[in-house]
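Peer 1: Take this structure, written in structure tokens, and hold onto it; I'll ask about it next.
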Amino acid sequence: MHAYNLSLYLLGMGLLLTACGRNPTGEVADAAAAAPRLAYRSVALLTVDGQSFKDLNRNDTLDPYEDWRLTAEERSRDLVGRMTLKEKAGFMLISTTRMENDAGFGPGNGEPIASGFNEEDQVSETNIFTRKPLDAPMMSSAGTTKAVTEFHGRHFILRATTEPDIMAEWANNLQALCEEQRLGIPAIVASNPRNHIAVDVAAGLNVGTSAFTAWPGELGLAAMRDFELVREFADAARQEWTAVGLRKGYMYMADLATDPRWQRTEGTFGEDPELAARMMREIVLGFQGEALHLRSVALTTKHFPGGGAAEGGQDPHFDWGKRMVFPGGRFEDNLIPFRAAIEAGTSAIMPYYSYPTGTEFPELAYAYNREVLQGVLRERLGFDGIINSDTGPIEMMPWGVEELSIPERYKMVLEAGVNLFSGTADPALLLETLRTYPELEAAVDDSVYRLLLEKFRLGLFEDPYVNPAAATATVGKDTFRERAAEAHRKSIVLLRNGEVAGEAALPLAAGTKVYFATYLPRREGDPVTVYRPEAAADWPVEFVDDPAAADRVVLWLLPRGKSLFQSDGSPLHVNLSANGIDVAAVRQLMADKPTVLLINYSNPWAIDELYTDGDPQIPAVLATFGTTPEAVLDILTGAYAPSGKMPFTTPTSDAAAQAQLSDVPGYDEEAGYGLFEFGEGLSW
């Protein structure tokens with residue numbers, strides 16, 4: 001058995017070796033309490049003043065950046081001075097990386113994802129979002145070995161999902177490759193959210209179903225109004241992420257969902273700036289702690305300075321959605337959640353593609369907008385961390401500077417203050433820019449310094465490796481799932497609870513015959529799925545397959561509009577029939593029996609095609625935000641009292657949604673706008 005594999009076996013059996021010096025894991029357990037745990041594969045150790053240090057550059061000398069006794073600031077300054085311009089250029093890029101057999105944005109080979117490297121480049125000549133020709137071919141993902149050894153990449157986005165131990169083994173392989181390079185600089189691996197039930201699952205939004213514990217969607221977390229449990233969620237997710245080697249989160253969205261049509265509402269914490277601010281504080285502290293430390297996940301809060309006030313609800317991934325509009329004069333509201341994230345210590349902030357209109361700021365995409373990034377983010381809000389561009393503002397979404405060449409765009413974005421460029425894996429054009437404009441040297445060194453600080457504070461230079469056996473034991477463990485189940489129940493909002501035959505419609509009485517069905521729009525096949533739980537005895541009702549045989553119909557609608565990345569610029573609507581619901585078919589299901597109607601709100605849907613207040617056929621209405629059937633049944637049967645509160649206002653109709661002010665929360669729209677109000681929620 002290979003020494004490293006043997007060590008994993010011993011760790012899994014609880015037989016951790018603790019003698020000083022090299023043990024089968026390649027780790028050193030130093031007797032000094034202040035000494036960090038050192039993990040390595042190929043470098044040697046130096047002994048200085050009775051302490052051990054990794055000789056990362058293999059020069060038999062303890063250099064300042066290798067000395068864990070120094071501050072992160074001292075070590076970062078030293079290492080910046082040792083890096084070549086080519087190394088710095090590669091270090092300032094973050095791009096998608098792929099595991100063995102991981103298809104990424106292309107077709108797969110049918111083989112399961114494995115822990116080896118994917119050595120193929122992915123290059124496109126067209127914008128993957130707008131599908132228009134690019135000014136130059138763009139490498140969205142490089143073969144792993146090339147990315148590390150030739151391009152000097154050390155920042156990567158992992159979008160694949162597989163078993164935890166395989167992810168951990170892959171992360172270790174990546175770190176071992178980085179350790180072999182000239183300066184031994186470790187990698188940092190980022191991901192989009194992995195711990196939520198969501199409707200719109202796509203690269204760049206969230207990973208979707210996986211081995212990670214599934215909590216409510218972000219809107220559902222906000223609906224709980226239980227901020228201690230939000231912190232607990234973030235801490236549990238942090239433990240799962242660090243176990244597999246994920247140390248950077250492209251999350252969470254501090255954007256305000258003030259336009260009900262916006263296709264990214266599902267990833268927000270709702271329309272209210274104060275609620276979003278409280279959520280951001282707990283999320284950041286749960287993932288990072290009071291400051292970045294050896295077990296933190298460093299967060300990238302997005303999308304500065306807020307993307308919810310989108311013209312027509314369109315998104316700036318596309319040129320038809322590039323304008324942010326503020327007809328209500330509420331630009332400043334958008335800064336409130338970001339201020340909370342900054343005060344909590346968020347490691348990075350991501351500006352959006354869009355540009356502001358009708359404000360004091362230039363109509364330039366935020367990544368290019370010095371007045372916003374320096375004047376507002378750095379100076380007014382006091383942010384001192386990493387400014388991380390969203391994917392592709394240089395190559396794909398250069399809104400407001402389309403006429404500039406790519407090197408000119410890089411120059412302008414660097415001068416605006418961006419430190420890390422997301423999207424491309426090939427640093428050739430950035431390197432060309434830096435050689436063409438040597439006056440950018442100070443901005444480059446400042447960026448590399450900030451990026452190194454994050455790595456040093458996370459302890460990656462001392463111990464970048466993880467234990468695959470521990471990853472399996474941590475991800476999805478029972479205690480996390482139990483707390484997530486509690487969160488699911490707390491996230492459900494009871495909006496209406498009328499009467500049936502003189503009794504409250506909910507909770508359902510024992511022995512009630514229930515037809516419980518979900519309605520999820522599909523490209524093919526029946527959207528209706530009748531739910532018959534395997535453990536039906538867990539609830540005191542009788543489940544039937546035919547609404548005619550039921551005492552009560554429970555119908556759970558999951559409206560589904562176009563995915564964000566299917567956008568074509570056509571007008572966006574929030575009524576049910578425009579979002580995959582066959583209203584006539586649903587009415588037929590509800591025609592003969594009193595109906596409990598549940599709506600999964602990935603947007604603030606208008607449900608007037610089915611429901612008006614006081615409808616005797618629909619005596620009870622509930623809201624969900626990405627949850628489980630089990631949690632729904634716990635609420636319906638009274639096993640758990642509903643406690644959730646709405647994170648946004650739902651419009652009375654699609655016409656009301658079209659007439660609203662994009663930057664104004666629903667609770668401040670004109671009287672009569674809302675059907676279900678922000679903060680509304682009943683209990684027994």
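Peer 1: Counting only residues that are open to solvent by 60 Å² or more (accessible area, probe 1.4 Å) and under 35 Å from the mean Cα position of the chain (by Cα), which one in the range 32-58 is farthest from D463 (Cα to Cα)?
Peer 2: A34
Peer 1: Mind counting the residues in the range 425-472 that are touching a residue at least 24 places away in the same chain (Cβ under 8 Å) and part of a helix (DSSP H, G or I)?
Peer 2: Residues that pass the stated criteria total 29.
Peer 1: Select from the range 298-323 the residues that are aliphatic (A, V, I, L, M) and touching a residue at least 60 places away in the same chain (Cβ under 8 Å) and write down the one among them that is farthest from A344 (Cα to Cα).
Peer 2: A310
Peer 1: Hey, does the range 129-136 have a residue that's touching a residue at least 60 places away in the same chain (Cβ under 8 Å), closer than 16 Å to A243 by Cβ and open to solvent by 40 Å² or more (accessible area, probe 1.4 Å)?
Peer 2: Taking every residue of the range 129-136 in turn, none turns out to be touching a residue at least 60 places away in the same chain (Cβ under 8 Å), closer than 16 Å to A243 by Cβ and open to solvent by 40 Å² or more (accessible area, probe 1.4 Å).
Peer 1: Which residue out of T144, T149 is surrounded by fewer than 20 Cβ atoms within 10 Å (Cβ to Cβ) and either at pLDDT 95 or above or β-branched (V, I, T) (or both)?
Peer 2: After ruling out the rest, the residue left standing is T149.
Peer 1: Give, as residue ranges, the strands (runs of 3 or more DSSP E) completely inside the range 59-151 that count at least 2 residues that are under 20 Å from I386 (Cα atoms) and not basic (K, R).
Peer 2: 93-97
Peer 1: Right, next: Which is buried (at least 17 other Cβ atoms within 10 Å of the Cβ), of a type outside the set (A, V, I, L, M), under 31 Å from the mean Cα position of the chain (by Cα) and assigned to a loop (DSSP other than H, G, I, E, B), of G561, G525, G569?
Peer 2: That would be G561, the only listed residue that is buried (at least 17 other Cβ atoms within 10 Å of the Cβ), of a type outside the set (A, V, I, L, M), under 31 Å from the mean Cα position of the chain (by Cα) and assigned to a loop (DSSP other than H, G, I, E, B).
Peer 1: With the checklist (1) buried (at least 22 other Cβ atoms within 10 Å of the Cβ); (2) more than 30 Å from A176 (Cα to Cα) in hand, flag the one item A425 doesn't pass.
Peer 2: All conditions pass for A425, except number (2).
Peer 1: Determine whether the range 212-229 contains at least one residue that is open to solvent by less than 10 Å² (accessible area, probe 1.4 Å) and either modelled with pLDDT under 95 or assigned to a strand (DSSP E or B) (or both).
Peer 2: Yes, the range 212-229 has at least one match.
Peer 1: A follow-up question, please. Please work out if T161 is hydroxyl-bearing (S, T, Y) and either at pLDDT 95 or above or open to solvent by less than 20 Å² (accessible area, probe 1.4 Å) (or both).
Peer 2: no
Peer 1: What residue, among those in the range 379-398 that are among the hydrophobic types (A, V, I, L, M, F, W, C) and surrounded by 21 or more Cβ atoms within 10 Å (Cβ to Cβ), is farthest from S95 (Cα to Cα)?
Peer 2: Here the residue is F383.
Peer 1: Continuing with the same structure: Could you please find all residues in the range 31-58 being hydrophobic (A, V, I, L, M, F, W, C) and either without any contact (Cβ under 8 Å) to a residue 40 or more places away in the chain or in a loop (DSSP other than H, G, I, E, B) (or both)?
Peer 2: Within the range 31-58, A31, A32, A33, A34, A35, V43, A44, L45, L46, V48, F53, L56 qualify.
Peer 1: Please count how many residues of the range 340-379 are out of contact with any Lys or Arg (no Cβ under 9 Å at 6 or more places or on another chain) and either basic (K, R) or outside any helix (DSSP H, G or I) (or both).
Peer 2: Residues in the range 340-379 being out of contact with any Lys or Arg (no Cβ under 9 Å at 6 or more places or on another chain) and either basic (K, R) or outside any helix (DSSP H, G or I) (or both): 9 in total.
Peer 1: Are there strands (runs of 3 or more DSSP E) fully within the range 575-684 with at least 3 residues that are touching a residue at least 12 places away in the same chain (Cβ under 8 Å), on the phi > 0 side of the Ramachandran plot and open to solvent by less than 10 Å² (accessible area, probe 1.4 Å)? List them.
Peer 2: none
Peer 1: Scan (1) touching a residue at least 24 places away in the same chain (Cβ under 8 Å); (2) open to solvent by 10 Å² or more (accessible area, probe 1.4 Å) for the single condition E111 breaks and write down its number.
Peer 2: (1)
Peer 1: Determine whether the range 196-211 contains at least one residue that is open to solvent by less than 10 Å² (accessible area, probe 1.4 Å), modelled with pLDDT of 95 or more and not aromatic (F, W, Y).
Peer 2: No, the range 196-211 has no match at all.
Peer 1: Return the total of residues in the range 324-350 being out of contact with any Gly (no Cβ under 9 Å at 6 or more places or on another chain) and surrounded by 20 or more Cβ atoms within 10 Å (Cβ to Cβ).
Peer 2: 4
Peer 1: Also, I was wondering about something else. Suppose the filter is surrounded by fewer than 23 Cβ atoms within 10 Å (Cβ to Cβ), outside any loop (DSSP other than H, G, I, E, B), within 16 Å of the chain's Cα centre (by Cα) and modelled with pLDDT of 95 or more; does T300 pass it?
Peer 2: no
Peer 1: For the range 473-522, which residues satisfy the criterion of being part of a loop (DSSP other than H, G, I, E, B) and touching a Ser or Thr at 6+ places or on another chain (Cβ under 6 Å)?
Peer 2: Within the range 473-522, G476, I492, P507, L508 qualify.
Peer 1: Continuing with the same structure: Given the structure, is V553 part of a helix (DSSP H, G or I), in contact (Cβ under 8 Å) with a residue 12 or more places away in the chain and open to solvent by less than 30 Å² (accessible area, probe 1.4 Å)?
Peer 2: no
Peer 1: Follow-up question, since we're still on this one. Looking at (1) closer than 23 Å to T213 by Cβ; (2) open to solvent by 10 Å² or more (accessible area, probe 1.4 Å), can you tell me which one D272 breaks?
Peer 2: So D272 meets the others, but not (1).
Peer 1: Which condition number does M253 fail, the rest of (1) among the aliphatic types (A, V, I, L, M); (2) farther than 19 Å from P337 by Cα; (3) buried (at least 24 other Cβ atoms within 10 Å of the Cβ) being met?
Peer 2: (2)
Peer 1: Tell me the residue from G104, G90, G116 that is in contact (Cβ under 8 Å) with a residue 40 or more places away in the chain and in contact with an Asp or Glu (Cβ under 6 Å, 6 or more places away or on another chain), please.
Peer 2: Result of the check over G104, G90, G116: G116.
The values are calculated or read from the model by the stated rules, or taken from the named source; none is laboratory data. Keep in mind it's a predicted model, so treat the numbers as computed, not measured. Virtual Cβ from ideal backbone geometry, glycine too; neighbours counted across all protein chains shown. When the accessible area is computed, the model is the full protein with side chains, heavy atoms only, and any ligands, DNA or RNA have been set aside. Shrake-Rupley method; radii C 1.70, N 1.55, O 1.52, S 1.80 Å.
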